[in-house]
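Beneath this line is the structure, given in structure tokens, with notes to follow.
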Amino acid sequence: MIVAATFAETRRLGSGIVGLVPTMGFLHEGHLSLIARSSASNDTTIVSLFVNPTQFDDPADLERYPRNFERDRDLAFSAGADVLFAPDESEMYPREPLASVVVRQLTDHMEGSLRPGHFEGVATVVAKLFAGIQPDVAYFGRKDAQQVSVVTTMARDLSFPVQIEPGATIREYDGLALSSRNVFLSDADREQALEISSGLFAASDLIDDGETDAARIEAACLDRIGDLDLEYVQLADQATAQPLDRLDRPAFLAVAGSVGATRLIDNVAIDRMNGQWVVDRGERLAERSMLYGENDAAGS
Ligand code: AMP
């Protein structure tokens with residue numbers, strides 16, 4: 001259990017098969033499930049902890065993003081991390097960078113079109129983690145479905161010798177997808193926020209019944225959304241993140257919206273198994289998430 005602040009030290013500490021779990025901290029059970037998977041399959045599990053400013057399109061969102069180093073360190077190690085890579089900004093960006101990574105097409109819709117520069121920030125920081133740490137396997141949550149397709153494409157197109165492993169979306173006991181930003185939600189906010197997962201589950205039931213028309217699937221989801229400030233409901237190709245008219249390949253149904261100042265995204269993944277479309281709704285916690293423990297964001 002070692003905290004490292006530089007790429008060089010982190011790389012040296014990675015022996016055998018190295019798994020990497022990139023995070024922005026304020027860890028919850030979604031992050032911990034990725035860490036536990038890496039720890040079960042690899043010799044060394046490295047968790048990176050860096051709130052990456054270049055992927056925030058809204059300075060206020062970056063400013064208030066929850067942070068608590070001691071809490072994250074303890075949780076990462078208890079979930080099976082061997083090394084916590086916690087660089088400061090001067091290690092990650094020693095100078096104003098002139099090079100960056102742009103993934104075309106996959107970023108034309110949804111998060112890519114609504115958050116200018118977001119995926120360039122993500123792809124660039126993930127490429128830097130791959131180059132600087134040289135992991136064999138890297139774990140990303142399906143909660144960020146478009147991010148999984150962007151990172152997978154980036155690694156393949158740039159020949160990074162790393163295997164990308166997507167992990168299931170972990171949900172709170174009531175269905176809300178876990179997100180570090182959930183700590184900002186009041187009880188009333190949560191009621192609105194639940195419209196997202198409830199819409200996704202209603203659409204999933206329709207898919208279970210054999211519906212493949214995107215407009216009808218999206219409408220079933222929209223039906224559940226009332227008070228939420230909705231940005232999109234979109235059925236998209238899992239590999240390319242392009243909108244689909246019909247469910248005819250592995251896909252995800254994604255939703256984005258805001259509750260007050262808190263922006264939330266969620267999705268369900270849809271895969272073909274034994275000649276049928278099967279919806280992965282994620283996994284629910286049995287009880288209240290660790291996000292709401294005593295160690296709150298103010299303790300950082
Ligand atoms: P973040 O710290 O939000 O940047 O997330 C770090 C990693 O954890 C990303 O790969 C996310 O997709 C993943 N992640 C975040 N929330 C969840 C969740 N509820 N279930 C599974 N993975 C998640």
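The values are calculated or read from the model by the stated rules, or taken from the named source; none is laboratory data. In this text, all values refer to a predicted model and were calculated from it rather than measured experimentally. So basically every Cβ, Gly included, is an ideal-geometry build from the backbone, and we count neighbours across all protein chains shown.
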Notebook entry, point to check: Taking region 25-41 as the region of interest, how many residues are hydrophobic (A, V, I, L, M, F, W, C), more than 8 Å from the ligand (Cβ to nearest atom) and either outside the structural domain of residue 145 (by TED's automatic domain parsing) or buried (at least 24 other Cβ atoms within 10 Å of the Cβ) (or both)?
Noted result: 1
Check: Only one of (1) modelled with pLDDT under 95; (2) within 18 Å of the chain's Cα centre (by Cα); (3) not charged (D, E, K, R) is not met by residue 261, so which one is it?
Finding: (2)
Notebook entry, point to check: In region 276-300, which residues are at pLDDT 95 or above and either farther than 23 Å from residue 168 by Cβ or part of a strand (DSSP E or B) (or both)?
Noted result: 276, 277, 278, 279, 280, 283, 284
Next item on the list: Would you tally the residues in region 147-163 being out of contact with any Leu (no Cβ under 7 Å at 6 or more places or on another chain) and either assigned to a helix (DSSP H, G or I) or outside the structural domain of residue 124 (by TED's automatic domain parsing) (or both)?
Entry: 8
Next item on the list: Enumerate the pairs (first residue in region 155-168 and crowded, with 19+ Cβ neighbours inside 10 Å and modelled with pLDDT of 95 or more; second residue anywhere and in a loop (DSSP other than H, G, I, E, B) and basic (Lys, Arg)) with beta-carbon separation below 8 Å, excluding pairs fewer than 6 apart on the same chain, so at least 6 apart or on different chains.
Entry: 166/142; 167/142
Next item on the list: Report yes if some residue within region 241-256 is part of a helix (DSSP H, G or I) and either in contact with a helix residue (DSSP H, G or I) (Cβ under 6 Å, 6 or more places away or on another chain) or surrounded by fewer than 19 Cβ atoms within 10 Å (Cβ to Cβ) (or both); otherwise report no.
Entry: no
Check: Mind checking whether some residue in region 1-24 is within 12 Å of the ligand (Cβ to nearest atom), at pLDDT 95 or above, part of a helix (DSSP H, G or I) and over 18 Å from residue 137 (Cα atoms)?
Finding: no
Margin query: If the requirement is being more than 9 Å from the ligand (Cβ to nearest atom) and touching a residue at least 40 places away in the same chain (Cβ under 8 Å), which of these qualifies: 139, 173?
Written below: 173
Next item on the list: Could you run through region 206-221 and say how many residues are assigned to a helix (DSSP H, G or I), surrounded by fewer than 16 Cβ atoms within 10 Å (Cβ to Cβ) and touching a residue at least 12 places away in the same chain (Cβ under 8 Å)?
Entry: 2
